[in-house]
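Quick one: structure below, then a few questions.
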Amino acid sequence: MHRTPPRLHLRLIYDGLNFGPGKADLLALIGETGSISAAGRRMKMSYKRAWSLVEEMNAAFRVPLVDTARGGSGGGGAHLTEAGQQVLTHYRAIEARVLRGARSDLDAITALLSDMSDGK
């Protein structure tokens, strides 16, 4: 029986900040696209929501994670700061380490699951 491997959602909870897969994905997409609005669209998120999350992250850290430039004739844009890249890199490393460390337990739980292909 073939099963899709389980997904692990890691959320870091600090006083005043929850940082999890959504914010990590938003940072990654801002880094990739150079745009908060484009990153939000790729995540099927409103521009207002994406901006709100960026403002929340920027306020929670000693230095901003995302730097922005206003639009206009030269165009706007956004990019990850060095701190933003560091936070994203460390978060992804924690995710990978937890998944590797939990592999045998995840496999054990998976083995106990019923076979849903028979209509149960």
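Quick note: the coordinates plus some simple rules give every number you see, no bench work behind them. Model, not experiment: these values are computed from the prediction. Backbone-built Cβ (ideal geometry, glycine too); neighbour counts: all protein chains shown.
For the chain, what are Rg and Dmax over the alpha carbons, in angstrom?
My reading of the Cα-based Rg and Dmax gives 18.2, 60 Å.
Would you mind ranking 68, 110 so that the residue whose beta carbon has the fewest other beta carbons within 10 Å leads the list?
Exposure proxy ranking, most exposed first: 110, 68.
Connecting C-alpha atoms closer than 10 Å in a GNM of the chain, tell me which of 62, 42, 92 has the biggest fluctuation.
Highest fluctuation of the listed residues: 62.
Here is a follow-up. Listing 9, 90 from the residue with the fewest other Cβ atoms within 10 Å to the one with the most, what is the order?
The most exposed by this proxy come first: 9, 90.
While we're here: To make sure I understand, if each residue's beta carbon is the centre and we count other beta carbons within 10 Å, what order do 47, 91 fall in, fewest to most?
Working: 47 14, 91 19.
With the sparsest Cβ surroundings first, the list reads 47, 91.
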